[in-house]
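Enquirer: I'd like to ask some things about the structure below.
The values are calculated or read from the model by the stated rules, or taken from the named source; none is laboratory data. Because the structure is a prediction, the values reported are computed rather than measured. Note that each Cβ is placed from the backbone with ideal geometry, even for glycine, and that neighbours are counted across all protein chains shown. Side chains included, ligands, DNA and RNA excluded: accessible areas come from the protein's heavy atoms. Shrake-Rupley method; radii C 1.70, N 1.55, O 1.52, S 1.80 Å.
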Amino acid sequence: MKFFIDTADLDEIRDLAATGLLDGVTTNPSLIAKSGRDMLEVIREICDVVPGDVSAEVTAMDYHNMVREGQRLANIADNVVVKVPLTMDGLKACRTLSNEGTKVNVTLCFSAAQALLAAKAGATYISPFVGRLDDIGTPGMQLIEDIVDIYLNYPDLETEVLVASIRSPMHLVDAAKVGAHVATLPPSVLRQLFSHPLTDKGLADFMADWEKTGQSIMDAGGQDAASESTG
Ligand code: G3P
């Protein structure tokens with residue numbers, strides 16, 4: 001499963017990219033607004049930091065201007081993925097951009113039928129929003145499972161399921177259980193994945209016992225260590 005982070009915050013991106021666990025980044029107009037920066041500049045910088053796919057979203061509502069904006073965004077760097085909304089114009093733009101060799105992420109997907117349309121339009125990624133469905137009392141993860149199942153019925157479809165609007169580690173685990181290809185995580189949720197109270201407790205116990213030995217791995221070994229250092 002690929003891990004993307006859902007942010008336009010360069011400090012977060014740099015920090016988390018250093019873990020070696022990041023496969024890509026997703027942004028949207030709200031995240032760009034939150035960064036307070038020029039969109040093209042931010043996308044260019046993100047593409048320099050993360051070699052994987054970086055989604056940049058068009059803001060036009062009509063086909064013609066979506067394609068123009070998509071082409072401009074795609075020219076920023078080789079790893080830009082153009083994000084378009086799941087509307088009729090968005091899917092027309094998806095087909096055109098995809099025919100030109102540009103990767104496209106179709107966003108704001110809330111039904112399996114929409115996901116099937118996006119795959120037929122040549123989307124590289126479909127982004128169903130789990131958290132926002134949960135918010136209105138509809139089980140978001142059921143949609144992920146349905147889309148994964150439907151795509152599996154048609155092996156010619158190459159679209160990957162990119163689970164968006166993830167709010168907790170549980171969303172990620174459930175998405176992995178049903179076989180989603182990608183999860184895009186808010187930085188805070190990605191950080192949460194590393195922690196477990198039993199890991200902290202176990203480590204504290206090990207360190208307390210180790211302290212009692214008075215040893216240091218770099219100084220241990222006596223004669224062996226001396227011969228290692230002289231070759
Ligand atoms: O990038 C879109 C998506 O991940 C938004 O998440 O939490 O605003 O529903 P959220």
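Enquirer: Tell me which residues, restricted to region 83-95, are in contact (Cβ under 8 Å) with a residue 12 or more places away in the chain, surrounded by fewer than 19 Cβ atoms within 10 Å (Cβ to Cβ) and in a helix (DSSP H, G or I). Write out each step before concluding.
Expert: So in region 83-95, the residues in contact (Cβ under 8 Å) with a residue 12 or more places away in the chain come out as 83-87, 89-95.
Retained after the next criterion (residues that are surrounded by fewer than 19 Cβ atoms within 10 Å (Cβ to Cβ)): 87, 89, 92, 95.
Correct list: D89, K92, R95.
Enquirer: Scanning for something touching a strand residue (DSSP E or B) at 6+ places or on another chain (Cβ under 7 Å) and assigned by TED's automatic domain parsing to the domain that holds L162, does region 60-67 turn up at least one residue? Working first, answer last.
Expert: Narrowing region 60-67 to residues touching a strand residue (DSSP E or B) at 6+ places or on another chain (Cβ under 7 Å): 66.
Within this subset, residues satisfying the condition of being assigned by TED's automatic domain parsing to the domain that holds L162 are 66.
Yes, region 60-67 contains at least one residue that is touching a strand residue (DSSP E or B) at 6+ places or on another chain (Cβ under 7 Å) and assigned by TED's automatic domain parsing to the domain that holds L162.
Enquirer: Among the residues of region 123-143 satisfying the criterion of being away from the ligand (no atom under 13 Å from the Cβ) and closer than 19 Å to G24 by Cβ, which is surrounded by the most Cβ atoms within 10 Å (Cβ to Cβ)? Reasoning before the result, please.
Expert: If we filter region 123-143 for residues that are away from the ligand (no atom under 13 Å from the Cβ), which is where we start, we get 123-124, 137-139, 141-143.
Those left that are additionally closer than 19 Å to G24 by Cβ: 123-124.
Numbers: A123: 31, T124: 21.
For region 123-143, the residue satisfying everything is A123.
Enquirer: Keeping to region 1-59, report how many residues are in contact (Cβ under 8 Å) with a residue 60 or more places away in the chain, of a type in the set (S, T, N, Q) and open to solvent by 20 Å² or more (accessible area, probe 1.4 Å).
Expert: Going through region 1-59 one residue at a time, the tally reaches 1.
Enquirer: So how many residues does region 144-171 have that are within 16 Å of the ligand (Cβ to nearest atom) and either more than 18 Å from C109 (Cα to Cα) or exposed (fewer than 14 other Cβ atoms within 10 Å of the Cβ) (or both)?
Expert: Residues flagged as within 16 Å of the ligand (Cβ to nearest atom) and either more than 18 Å from C109 (Cα to Cα) or exposed (fewer than 14 other Cβ atoms within 10 Å of the Cβ) (or both) within region 144-171 amount to 3.
Enquirer: Sticking with this structure for a sec: It is to be established whether one or more residues within region 28-44 are away from the ligand (no atom under 14 Å from the Cβ), closer than 21 Å to L193 by Cα and part of a helix (DSSP H, G or I).
Expert: no
Enquirer: A further question on this structure: Given the conditions (1) in contact (Cβ under 8 Å) with a residue 40 or more places away in the chain; (2) away from the ligand (no atom under 13 Å from the Cβ), report the number of the one that T107 does not fulfil.
Expert: (2)
Enquirer: If you check every pair at least six apart or on different chains, which have Cβ atoms under 7 Å apart with a residue in region 151-166 that is more than 24 Å from D135 (Cβ to Cβ) first and a residue that is of a type in the set (F, W, Y) and within 16 Å of the ligand (Cβ to nearest atom) second?
Expert: What qualifies is T159/Y125; E160/Y125.
Enquirer: Turning to a different aspect of this structure: Out of G101, G52, G122, G90, which single residue is in contact with a helix residue (DSSP H, G or I) (Cβ under 6 Å, 6 or more places away or on another chain) and either in the same structural domain as T184 (by TED's automatic domain parsing) or closer than 22 Å to D23 by Cα (or both)?
Expert: Details: G101 fails: in contact with a helix residue (DSSP H, G or I) (Cβ under 6 Å, 6 or more places away or on another chain); G52 fails: in contact with a helix residue (DSSP H, G or I) (Cβ under 6 Å, 6 or more places away or on another chain); G90 fails: in contact with a helix residue (DSSP H, G or I) (Cβ under 6 Å, 6 or more places away or on another chain).
Only one candidate qualifies: G122.
Enquirer: Right, next: Quick check: anything in region 172-186 out of contact with any Leu (no Cβ under 7 Å at 6 or more places or on another chain), open to solvent by less than 20 Å² (accessible area, probe 1.4 Å) and within 16 Å of the ligand (Cβ to nearest atom)?
Expert: The answer is yes, given that some residue of region 172-186 is out of contact with any Leu (no Cβ under 7 Å at 6 or more places or on another chain), open to solvent by less than 20 Å² (accessible area, probe 1.4 Å) and within 16 Å of the ligand (Cβ to nearest atom).
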